[in-house]
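All remarks here apply to the structure that follows.
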Amino acid sequence: MQMMSLKKEAEMETKTAEQRSLDYRNAMARLGAAVNIVTTDGVAGRAGFAATAVCSVSDNPPTLLVCLNRNSSAYKVVKENGVICVNTLASKHEVLSTLFGGKTPAEERFAAGSWDVLQTGAPVLEDALVSFDCRIREAHNGGTHDILICDVVDMRINEGEEALMYFNRRYRVL
């Protein structure tokens, strides 16, 4: 058994960084997650992106963790505004998620949904399953992404919809 482990370890060491990165992305595709649209608005303008890298940190105080790719078109705007809204999508929002996950201009992304605001002024998707209105408390270097620690200052919950999930590089409904 130990011999097998050493063999596996040796194989991992001989892989290039690019191969390990590809293996990692393929493995992460099998980690199902809720689909969210993260939005911002403020002095730097309005922007948004699709995200599955969102999770709860604490309920006291209410805190979320959101990962933001530094190559995202929304990156600079989010960082300058300092506020976000995490809008968790229902099954009917697949097209909207695709718009926010691609290269579609911001105006077209937002034109495809109905939006409101809560405390921070970040756009709240009116028919999202839940929307978490947040102030970004701190950001940490996470390689290709920034890890945003966000204080939830308000939220809106809607009932009766099925969740849009992402698993194995495809949308799923839960």
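Sequence gap of 8 or more, or different chains, plus Cα separation below 25 Å: how many lysine pairs satisfy both in the chain? Counting lysine pairs in the chain gives 4.
Ligands, DNA and RNA are left out, and with a 1.4 angstrom probe the accessible area of region 18-174 is 53 Å² per residue.
Leaving ligands, DNA and RNA out of it, report the carbon-plus-sulfur percent of the accessible area of region 1-151 at a 1.4 Å probe. Don't skip to the end; give the middle numbers.
Numbers: 4580 of 8440 Å².
Carbon and sulfur atoms account for 54 percent of the accessible area of region 1-151.
The angle separating the long axis of helix 2-14 from the principal Cα axis of greatest extent in the chain is about 60 degrees. Could you work out the local net charge near Ser73, counting Lys and Arg as +1, Asp and Glu as -1, over the other residues with Cβ closer than 13 Å to its Cβ? Overall, the nearby charge balance is +4. For the chain, the spread of Cα positions along the three principal axes, ordered from largest to smallest, is 59, 36, 32 Å.
Applying 1/(1 + (r/R0)^6) with r as the Cβ-Cβ distance of Ile149 and Thr14 and R0 = 25 angstrom yields a FRET efficiency of 0.10. Residues Leu22, Leu129, ordered by accessible area of protein heavy atoms at a 1.4 angstrom probe radius and largest first, appear as Leu22, Leu129. Mark the label point 7 Å from the Cα of Lys92 along Cα→Cβ and return the residues of region 145-172 whose backbone N is within less than 20 Å of it. Answer for region 145-172: 156-166, 171-172. In this simple spin-label approximation, Lys76 and Ala29 carry label points 7 Å from Cα along the Cα→Cβ vector, and these lie 3.2 nm apart. Database note for the chain: Cys without another Cys beta carbon under 4.7 angstrom, Cys55, Cys67, Cys85.
Here region 25-124 is assigned +1 on the Cβ of each Lys and Arg and -1 on the Cβ of each Asp and Glu. Its dipole about the Cα centre then comes out at about 400 debye. Calculated mean residue ellipticity, 222 nm, the chain: -7500 deg cm²/dmol, from DSSP H runs (n ≥ 4) at -39500 (n - 2.57) each, averaged per residue and rounded to 500. For Lys92, the accessible surface of its heavy atoms amounts to roughly 110 Å² (probe 1.4 Å, protein chains only, rounded to the nearest 10).
The order of Thr88, Thr14 by accessible area, most exposed first and with a 1.4 Å probe, is Thr14, Thr88. Accessible-area rank, largest first, for Glu107, Glu138: Glu107, Glu138, with all protein chains present and a 1.4 angstrom probe.
The values are calculated or read from the model by the stated rules, or taken from the named source; none is laboratory data. Every value quoted in this text rests on a predicted model; they were computed, and no experiment measured them. Cβ coordinates were reconstructed from backbone atoms using ideal geometry, including for glycine residues, and neighbour counts include every protein chain displayed. Side chains are part of the model used for accessible areas, which takes the heavy atoms of the whole protein and leaves out ligands, DNA and RNA. Shrake-Rupley method; radii C 1.70, N 1.55, O 1.52, S 1.80 Å.
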